[in-house]
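Please read the structure below before turning to the comments.
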Amino acid sequence: MTKEYFQIKDNCRKGLLKYLAKAFSLIPKIEKPKILDIGCGTGVPAIWLAENHSAIITAIDTDNKSLTWLQEKILNTNLEKQITTLNISFFDLKSYRDYFDIILAEGFFNVVGFERGFTHAYEMLGNERYFIIHDEYKDHEKKCAFISNNRCKLIDTFSLDENVWWNEYYKQLEAEINALDNEQTKDLFKSDLEEIELYELDPTPFRSIYYIVRKR
């Protein structure tokens, strides 16, 4: 992956930060919260959290290229005292029991399974502290029941419909890709263009939802 690739993806991803800000507005303010960002990728949310919430963030991912780019951004913004990156599987992270004030899972539970991911993350969250989970809009009632049955309280939810995903992300991404002159760089976006094609065929699976949860 090239720097230009990461820059384009980051610029498009920033269009969704307003919804992360909304999610954080729904929990009480915590002074210098300790936050775990699971599956952080290139760290657009992590950078925003460090700059806007004076947070101490542990950002983990198994993609070393994304973490290398994130580390470059951390140094460029002088946030190395606030953000620590770890190239590690979430399920190998064992030494933080009851440690974090907030655990952020932006799309990560889609990958590993909601119940499996939630159960492992639960052990690392302090009592009366918070999950912010951004997940696909699927099995919603089942997820709500699972949260309530696992010593947690669902504080609030809000959804991002398919129009939000188009207007705030895919529309800009498509335009940025089409504007590229370098065919090699454009080829890096093959999977993104395939996603856009799927969206155009049927946008309904692209709905997502935020769950704001307190551990009891």
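The values are calculated or read from the model by the stated rules, or taken from the named source; none is laboratory data. Just so it is clear, the model here is predicted, and its values are computed rather than measured. We place every Cβ from the backbone using ideal geometry, glycine too, and count neighbours over all the protein chains shown.
Values for this structure:
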quantity: Of all residues in the stretch 9-64 being basic (Lys, Arg) and at pLDDT 95 or above, the one that is farthest from the chain's Cα centre (by Cα); calculated: 34
quantity: Every pair of residues 6+ apart whose Cβ atoms lie under 9 Å, when the first sits in the stretch 109-123 and is within 18 Å of residue 59 (Cα to Cα) while the second is in a helix (DSSP H, G or I) and among the aliphatic types (A, V, I, L, M); calculated: 109/121; 117/111; 118/147; 120/112
quantity: The stretch 125-151, residues that are under 15 Å from residue 115 (Cα atoms), surrounded by 14 or more Cβ atoms within 10 Å (Cβ to Cβ) and among the aliphatic types (A, V, I, L, M); calculated: 132, 133, 147
quantity: Whichever residue in the stretch 148-170 is out of contact with any helix residue (DSSP H, G or I) (no Cβ under 9 Å at 6 or more places or on another chain) and part of a helix (DSSP H, G or I) and, among such residues, is farthest from residue 17 (Cα to Cα); calculated: 148
quantity: Subset tally (residues that are farther than 17 Å from residue 124 by Cβ and surrounded by fewer than 23 Cβ atoms within 10 Å (Cβ to Cβ)) for the stretch 28-48; calculated: 7
quantity: Condition check for residue 173: closer than 28 Å to residue 36 by Cα, part of a strand (DSSP E or B) and at pLDDT 95 or above; calculated: no
quantity: Checking residue 186 against (1) at pLDDT 95 or above; (2) touching a Leu at 6+ places or on another chain (Cβ under 6 Å), the condition it does not meet; calculated: (1)
quantity: Neighbours by Cβ (under 6 Å, 6+ apart or cross-chain): first from the stretch 143-166, more than 13 Å from residue 132 (Cα to Cα); second charged (D, E, K, R) and surrounded by fewer than 16 Cβ atoms within 10 Å (Cβ to Cβ); calculated: 146/115; 151/216
quantity: Residue match in the stretch 97-117 (condition: in a loop (DSSP other than H, G, I, E, B), hydroxyl-bearing (Ser, Thr, Tyr) and more than 25 Å from residue 209 (Cβ to Cβ)); calculated: yes
quantity: Single residue of the stretch 152-205 satisfying the filter (under 27 Å from residue 103 (Cβ atoms) and among the polar types (S, T, N, Q)) that is surrounded by the most Cβ atoms within 10 Å (Cβ to Cβ); calculated: 157
quantity: Subset of the stretch 168-216 [among the polar types (S, T, N, Q) and over 20 Å from residue 110 (Cβ atoms)]; calculated: 172, 178, 182, 184, 185
quantity: Residues that are in contact (Cβ under 8 Å) with a residue 60 or more places away in the chain and of a type in the set (Val, Ile, Thr), drawn from the stretch 37-63; calculated: 38
quantity: Test result for residue 145, among the small types (Gly, Ala, Ser), more than 22 Å from residue 49 (Cα to Cα) and assigned to a helix (DSSP H, G or I); calculated: yes
quantity: Count of the stretch 13-36 residues which are free of Cβ contacts under 8 Å to residues at least 60 places away in the same chain, among the charged types (D, E, K, R) and not in a helix (DSSP H, G or I); calculated: 3
